[in-house]
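Heads up: the structure comes next, in structure tokens.
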């Protein structure tokens, strides 16, 4: 970190990450920067950010430089509702055809490749495009969208079969899937332990407050994205924002499969930041 600048925290503005960030405000000595997941992945890897919510796959690519911040993630025990594969043709043809994938994130794209290769034993062609459903499907047999783009497309869609990648992963492996983590650069953790501990508590408290009362997030979603309150209550309830043993096991399996398929150059062992201000008393 440069001594002249504040600690920089990257936040995802997709609705699926709102509970972690909704109540963080403007912490002293911290600059909060919002980007798409792909932008946060790049900014954290290049040292432009000190800590950020990033794609799980991006963590794996940079695990030597990062520490996972505990208890915070965007995970789905089953269906995720915002990582969706839209099929223009029957699945049997898609498996041998072309799939357009969003350029907004890496975790979901590589999850799709793992599912296609290992679950369906298929090897379709992939083409990366900006997240616009009709443009993606103009010359492809299926399209993968994530986040708010996927949600809006699912409401507007009246023609295409839709597969939920969280649900596919669960049905195949028996595990939930973690799509995003909060990670901190090791250099920042060592340089600013006090600030990191403060930011961690702010994020955990935001998660706690958000999940105790979803109404503010539901109202925000209805206003900014659309849809009904019932939809959004179900959406936030079906996601999980912890990163405990169940989430860790599912993500480790994902990393192992990605490594076996050559999507990652090496195996990944997850390393965690330990909050030095947390004092545990055992009596």
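The values are calculated or read from the model by the stated rules, or taken from the named source; none is laboratory data. These numbers come from a predicted model, not from an experiment. As a convention, Cβ positions derive from the backbone with ideal geometry for all residues, glycine included, and neighbour counts pool all protein chains shown.
Looking at 139, 121, 156, 134, which is the one that is more than 30 Å from residue 223 (Cα to Cα), at pLDDT below 95 and surrounded by fewer than 22 Cβ atoms within 10 Å (Cβ to Cβ)? Explain how you work it out, then say what you get.
On the way: 121 fails: at pLDDT below 95; 156 fails: more than 30 Å from residue 223 (Cα to Cα); 134 fails: more than 30 Å from residue 223 (Cα to Cα).
Among 139, 121, 156, 134, only 139 is more than 30 Å from residue 223 (Cα to Cα), at pLDDT below 95 and surrounded by fewer than 22 Cβ atoms within 10 Å (Cβ to Cβ).
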Has the range 59-79 got any residue that is in a loop (DSSP other than H, G, I, E, B) and under 13 Å from the mean Cα position of the chain (by Cα)? no
Of all helices (runs of 4 or more DSSP H) completely enclosed by the range 142-257, which ones contain at least 2 residues that are within 20 Å of the chain's Cα centre (by Cα)? 147-156, 165-173, 193-212, 215-224, 229-238
Could you grab me the full set of residues in the range 48-67 that are farther than 14 Å from residue 186 by Cβ and surrounded by fewer than 24 Cβ atoms within 10 Å (Cβ to Cβ)? 48, 61
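Quick check on residue 205: is it surrounded by fewer than 17 Cβ atoms within 10 Å (Cβ to Cβ), over 18 Å from residue 83 (Cα atoms) and at pLDDT below 95?
In short, no.
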Test: residue 112 is in a helix (DSSP H, G or I), modelled with pLDDT of 95 or more and closer than 18 Å to residue 147 by Cα: yes
Would you pick out the residues in the range 79-98 that are closer than 20 Å to residue 207 by Cβ and surrounded by fewer than 24 Cβ atoms within 10 Å (Cβ to Cβ)? 81
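Select from the range 116-139 the residues that are outside any helix (DSSP H, G or I) and out of contact with any helix residue (DSSP H, G or I) (no Cβ under 9 Å at 6 or more places or on another chain) and list them in ascending order.
121, 125, 138, 139
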Working carefully through the options 65, 71, find the one that is modelled with pLDDT of 95 or more and at positive phi. 71
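Go through the range 1-29 and count every residue that is more than 30 Å from residue 238 (Cβ to Cβ), in contact with a strand residue (DSSP E or B) (Cβ under 8 Å, 6 or more places away or on another chain) and modelled with pLDDT under 95.
Number satisfying all stated conditions: 5.
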So residue 89 passes all but one of these: (1) in a loop (DSSP other than H, G, I, E, B); (2) over 23 Å from residue 61 (Cβ atoms); (3) without any contact (Cβ under 8 Å) to a residue 12 or more places away in the chain. Which condition number does it fail? (3)
Does residue 238 meet the test of being outside the structural domain of residue 19 (by TED's automatic domain parsing) and surrounded by fewer than 17 Cβ atoms within 10 Å (Cβ to Cβ)? no
Going through (1) buried (at least 19 other Cβ atoms within 10 Å of the Cβ); (2) more than 22 Å from residue 5 (Cα to Cα); (3) at pLDDT below 95 one by one, residue 40 fails only at (2)
